[in-house]
1. From the set of residues in region 281-300 that are among the hydroxyl-bearing types (Ser, Thr, Tyr) and loosely packed, with under 15 Cβ neighbours inside 10 Å, which is farthest from the ligand (Cβ to nearest atom)?
2. Can you report the number of residues in region 218-253 which are modelled with pLDDT of 95 or more, touching a helix residue (DSSP H, G or I) at 6+ places or on another chain (Cβ under 8 Å) and either charged (D, E, K, R) or more than 16 Å from the ligand (Cβ to nearest atom) (or both)?
3. Quick one: count up the residues across region 252-297 that are in contact with a His (Cβ under 9 Å, 6 or more places away or on another chain) and more than 20 Å from Lys240 (Cβ to Cβ).
4. For region 257-280, what are the residues that are open to solvent by 50 Å² or more (accessible area, probe 1.4 Å) and touching a Phe, Trp or Tyr at 6+ places or on another chain (Cβ under 9 Å)?
5. Which members of region 83-109 meet the condition of being more than 16 Å from the ligand (Cβ to nearest atom) and not in a loop (DSSP other than H, G, I, E, B)?
6. Just for helices (runs of 4 or more DSSP H) wholly inside region 151-244: which have at least 2 residues that are among the hydroxyl-bearing types (Ser, Thr, Tyr) and surrounded by fewer than 22 Cβ atoms within 10 Å (Cβ to Cβ)?
7. Can you tell me how many residues in region 47-102 are surrounded by fewer than 20 Cβ atoms within 10 Å (Cβ to Cβ), within 23 Å of Thr227 (Cβ to Cβ) and among the polar types (S, T, N, Q)?
Amino acid sequence: MDVLSRGTALNGNVRIFCCRTTELVQEATTRHDLWPTASAALGRLLSVGCMMGSMLKDIHEKIEIKMDGKGQLGQMVVDAYYDGSVRGFVTNPHVQIEKNPTKLDVGKAVGTDGTITVVKDLSMKQPFISEVDIQTGEIGEDFAYYYAYSEQTPSAVSVGVLVDTDRSIKAAGGLIIQMMPSATETDVQIVEDRVSHLKPISQIITEMNDPKEIVESIFPDYEELETRKLRFKCECNKGKFARILAKLPRADLQTMLEEDHGCEVVCKFCNTKYEFSEETLQGYVYAATEREKKAASKKELIN
Ligand code: ZN
């Protein structure tokens, strides 16, 4: 099971989030048939999502991250929830771009001509939306910029995915270190020094599996406040899609009925397919016809 550790160090002057996401990135890879560069990109964003999700305050809150740099991958979308679950997809899962035979080029695949949009649904009326320009497309640096620019929190963000030669996920995870307002100049220097000596997070995860242990190796005085389990989970079900289908205009439903004698709906987030039979569609067409008749007679009354 993937896991996240959250806590503080340097007398509470920095807060730290560290996650191992190997299994959930593997699940995303399998579900979406991601090619290695797409696995690395979506895996990095899912890891950011897990850490942002752990910053939420209660079960009703949710975070939606959209990243679109006009690269080959198209748009990436990740939803993260308070309970440690995440889901996500990329427009084009079949992307493979390399810097060299051993290094994937995530920055190029994501692209830099676009934005990151973060929507925090804090179960209030208006969600909190912020948007920043993509800097490098490498995702870690982009979110360090996001925190500095959008939340005025100096942060080091490292996310990484190691894809094996058979395209399976060898290691994935992330680390966010944030300076609290109480941090001194010395604290900032200590963090900068330690971060500059860090190996890529995916490599650290292959050597040390436990996020708490990883943070303790960087900050020996780490005080863990919480661990949480992480997983790839989509809340979709057939009923949800049935309600959407039932509301479509009659003409659209009629076309599906005549041309395909039924329909298949695919959830973008988890790639689950739901079949709707000819009889079910006929029922929706009937309901839509009744709905349109009612609307027409109402219009006549008004006229
Ligand atoms: Zn789904």
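1. Across region 281-300, the extreme among qualifying residues is Ser297.
2. 7
3. Of the residues in that region, 1 qualify.
4. Answer for region 257-280, where residues must be open to solvent by 50 Å² or more (accessible area, probe 1.4 Å) and touching a Phe, Trp or Tyr at 6+ places or on another chain (Cβ under 9 Å): Glu264, Val266, Lys268, Asn271.
5. Once the filter is applied, which keeps residues that are more than 16 Å from the ligand (Cβ to nearest atom) and not in a loop (DSSP other than H, G, I, E, B), region 83-109 yields Glu98, Lys99, Asn100, Lys103, Leu104, Val106, Gly107, Lys108, Ala109.
6. Fully inside region 151-244 and qualifying: 185-196.
7. Adding up the residues that qualify gives 1.
Residues checked against (1) within 20 Å of Gly74 (Cβ to Cβ); (2) touching a Leu at 6+ places or on another chain (Cβ under 7 Å); (3) basic (Lys, Arg):
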position	(1), (2), (3)
Asn11	no, no, no
Val14	no, no, no
Ala28	yes, yes, no
Val48	yes, no, no
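The values are calculated or read from the model by the stated rules, or taken from the named source; none is laboratory data. Computed from a prediction, not measured in an experiment: that's the story for all the values here. All Cβ positions, glycine included, derive from the backbone under ideal geometry; neighbour counts span all protein chains shown. Accessible surface areas use protein heavy atoms only, side chains included; no ligands, DNA or RNA. Shrake-Rupley method; radii C 1.70, N 1.55, O 1.52, S 1.80 Å.
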